[in-house]
Amino acid sequence: MPTVVLMDSSLSMTRPVSEEGSEEFQRKNLAVHGLTMLFEHMATNYRLEFTSLVTFSSLWEHMVPFTRDYNTLQEALNNLEDYDKTCLEAALQGVSNIVQQEWGTSCPCQVVLVTDGALGIGRGSLHHSLQTVKQHVEDKKFPLPFPFPSKLYVMCIANAEELQAMDSMDNLEQLINLNGGEGQIYTMEGPLCLKSVQSMFGKLIDQAYSPFHAVMRCGNLTSDVQVFPRPEPVTIDEEVDPMPRTVQTDLEIVGFIEIGDISSPPVLSRHLVLPIAVNKEGDEIGTGATDDTEEETPTNQMAGKSPNFCVLLHGSLKVEGMVALVQLGPDWFGMLYSQADSKKKSNLMMSLFEPGSEPLPWLGRISQLGPASDAAENPYGEDDSKSPFPIQPKNKRSYAQNVTVWIKASGLQTDVQKILRNARKLPEKTQTFYKELNRLRKAALAFGFWELLKSVAELLERECTLLPDSAHPDAAFQLSHAAQQLKLASSGDSKYAAYEHNITPMLTDFSGGGGADRI
């Protein structure tokens, strides 16, 4: 999950903060100290995280593009310049553009806003932006909520009392609410000093950047692993009293299945699984994965020589073309598999299914799956020519009734042309004409597509006027009747607009009948 650090470089950040018995600091110095602490933590525990640095005052500047080189980020942080007033709206729009250009709108992102709480005055201030948020035109909308999944963390180089006095706390809380409530505001406790800023950034690290360590088990084999990025809690909307579910730190492999049987299932999220090497004394000595540019250290060499079940599992799944089903919690499962980044490099990945005992209908209940060797006969056949999946549902479903779906304009055009072709062959195609007409009518009513009914009625009236002299007299009567019925249905306020109502052929002297519908 990439991170954008949005650093306030306005003049208010240069306000002095005095510490007893030490040199005078600026608020900017405290912010740099806190971000240095965050970067050092990420360089050690979140090395796979991409981070970008953006500074802002009245304008914003993209200082460092997304990178894993925290030395570059630290160097840019130490060379920050001071500018003019604060304009947060433009900076948030800049963050939105940067993330969309690099990651699109589907990748979750974390935004860390570092400011002193002085949010500007007059036009361009956050207070003014929030007051006029509903007056923005469509092409200049307020940047929140971001068009991508995000969490906004606000790090204030000020205490809560100071923010309340400046009337900034309410504005910052409104920012979080505009972003869907995803995020949090952090303030300094006590005097403004290095210790307070360390405590504040420590809370952010615990909340958003603590690595997820777990133990992966398969029978008597175990391995300490790190799951990256950290799995987020999942809430099931269908439950009466929904409670967020979290992935347990004990990942139990319950079985193995062929890739072809599990196919390409829907998943909530995908995560990288990295082995954690542990020395004989039980101390962690780091993950088994290293960057290509990183030099071999004695610690990494030691980790590479130690046998590890995670490495064995990864190689086995890759060679055998199988996936491992893993239990994440009560009635919650996922799968472990090998995914290739290139021809030479592959990683062990974990995907999380929807919580429930039957996340993949074609496999049935996962708790009822068992070893193929326990079956009376091999479910895959003697030569692996068949598969027991997909499992057929107990209740036989009927697919006799075709559901009308218009995903593309070509599909709708085909249905209309089919009606017109039959209309030109009346009265021989009377039954087919009304069958297709009723199918289109019901679909249009179901979608609320009233304009379609009016348009088809006009097309039928036009076809009626274009009939040649040699046409059967019944054709004109049927076309006029069908057009009139469609117009009544499009009004929406008559019995003819009911979904269950069907348009029936008009009885005429030419069709061998007579009666009330006769013209």
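Residues whose amide H comes within less than 5 Å of that of Gly124, counting only those at least five positions distant or on another chain, are Ser129 (H built at 1.01 Å from N in the peptide plane). The Stokes-Einstein estimate for the stretch 141-189, based on a Kirkwood radius over Cα pairs and taken at 25 °C with 0.890 mPa s viscosity, is a diffusion coefficient of 216 µm²/s. Overall, the ratio between the Cα radius of gyration of the stretch 85-139 and 2.2 N^0.38 Å, rounded to two decimals, is 1.29.
With one equal scatterer per alpha carbon and no solvent term, the Debye-computed log10 I(q)/I(0) for the stretch 2-209 at 0.08, 0.14 1/Å reads -0.25, -0.80.
Rolling a 1.4 angstrom probe over the chain with all protein chains present gives an accessible area of which 50% lies on carbon and sulfur atoms. Here is the tail figure for the stretch 409-490: Cα pairs spaced more than 20 Å apart come to 25 percent of all pairs.
Once the Cα atoms are used to define both axes, helix 450-465 deviates from the longest principal axis of the chain by about 30 degrees. The simple Förster model, with R0 at 45 Å and r as the Cβ-Cβ distance, assigns Ala90 and Ser306 a FRET efficiency of 0.30. In terms of packing, defined here as the mean over residues of other Cβ atoms within 10 angstrom, the peptides 403-416, 178-191 line up highest first as 178-191, 403-416. Against the chain, whose longest principal axis comes from its Cα atoms, helix 27-45 is set at around 70 degrees. Here the chain has an Rg and Dmax of 32.9, 110 Å, counting Cα atoms alone.
Ordering Gln26, Gln417, Pro427 by Cα displacement along the dipole of the chain toward the positive end leaves Pro427 in first place; charges were set at the Cβ atoms of Lys, Arg (+1) and Asp, Glu (-1). Roughly what angle does helix 409-423 make with the longest principal axis of the chain, taking Cα atoms, 0 to 90 degrees, to the nearest 10? Here the helix axis deviates by roughly 0 degrees. Counting only Cβ charges, +1 for Lys and Arg and -1 for Asp and Glu, the dipole size of the stretch 1-103 around its Cα centre is about 280 debye.
For Lys345, a cut-off of 16 angstrom between C-alpha atoms picks up these lysines, skipping any fewer than 8 places away in its own chain: Lys318. In the context of the full set of protein chains, the stretch 331-386 has a per residue accessible area of 61 Å² (1.4 Å probe).
Using a 1.4 Å probe, what is the accessible area per residue for the stretch 2-209, in Å²? Accessible area per residue: 46 Å². In terms of accessible area, using a 1.4 Å probe and ignoring ligands and nucleic acids, Lys343, Lys435, Lys454, Lys429 rank largest first as Lys343, Lys435, Lys454, Lys429. Working from Cα pairs under 8 Å separated by at least six residues, relative contact order for the chain is 8 percent.
With 18 Å as the limit on Cα-Cα distance, the pairs of Lys442/Lys487; Lys408/Lys454; Lys151/Lys203; Lys28/Lys85; Lys151/Lys195 that go past it are Lys408/Lys454; Lys151/Lys195. Short to long, the 10 Å bins of the Cα pair-distance histogram for the stretch 74-191 hold 12, 42, 36, 9, 0 percent of all pairs. As a rough guide to protection, the peptides 385-392, 312-319 ranked by mean Cβ packing within 10 Å, highest first, stand as 312-319, 385-392.
The values are calculated or read from the model by the stated rules, or taken from the named source; none is laboratory data. Computed from a prediction, not measured in an experiment: that's the story for all the values here. In this analysis, Cβ positions are derived from the backbone assuming ideal geometry, glycine residues included, and neighbour counts consider all displayed protein chains. Calculation scope for accessible area: heavy atoms of the full protein, side chains included, ligands and nucleic acids excluded. Shrake-Rupley method; radii C 1.70, N 1.55, O 1.52, S 1.80 Å.
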